[in-house]
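These notes concern the structure reproduced below.
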Amino acid sequence: AASGNGRAGKLSSPGDGTVNVNAASEEELQRLPGVGPATARRIIEFRKQNGPFSTPEQLLDVSGIGQKKLEAMLPFVRVR
């Protein structure tokens, strides 16, 4: 995986803004802490198959996202 140069766009503090997981592109999703290309694709695939997320906690249903990763993402996730 990439190391170093891909970190510039990562969200790390509350002032960095949020990502709407129901509308975000693969690139936008990768700005979330702990989300790389594979997880971003799984979020998009989940969204296509199941419709929009109604709560951020639904991300736990996406393969590869556990409680710890969700907690890192939560400050930057919105569903509308």
Cross-link reach from residue 68 to aspartates and glutamates, straight Cα distance under 17 Å and at least 8 residues apart if same chain, gives 57
In whole Å, largest first, the alpha carbons of the stretch 19-78 cover along the principal axes 24, 21, 19
Computed from the beta carbon distance with a Förster radius of 35 Å, FRET efficiency for residue 50 and residue 27 to the nearest 0.05 stands at 0.95
Cβ density ranking, 10 Å radius, fewest first, applied to 55, 39 yields 55, 39
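Mind ordering 31-37, 16-22 by average Cβ neighbours within 10 Å, highest first? Before the final figure, lay out the partial values.
On the way: 31-37: 18.9, 16-22: 16.0.
Output ranking for 31-37, 16-22: 31-37, 16-22.
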Taking Cα atoms, the helix 37-50 axis meets the longest principal axis of the chain at an angle in degrees (rounded to 10) of 20 degrees
Non-local residues with an amide H under 5 Å from the amide H of residue 77, with H modelled 1.01 Å from N and Pro and chain starts lacking one, are 19
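Let me check against my output: what whole-number percent is the relative contact order of the stretch 19-78, with C-alpha pairs under 8 Å and at least 6 apart? Let's see the in-between values first.
Working: 56 pairs, mean separation 24.5, N = 60.
It rounds to 41 percent for the stretch 19-78.
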Karplus ³J(HN,Hα) for the stretch 67-76 (6.51 cos²θ - 1.76 cosθ + 1.60, θ = phi - 60°; Hz, whole; x = Gly/Pro) runs 4, 5, 5, 4, 4, 5, 7, 3, x, 10
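Just so you know, all these numbers are worked out from the coordinates, no wet-lab data involved. Note that the structure is a prediction, hence the values are computed from the model and not measured. When we count neighbours, we look across all protein chains shown, and the Cβ atoms used for this are built from the backbone with ideal geometry, even at glycine.
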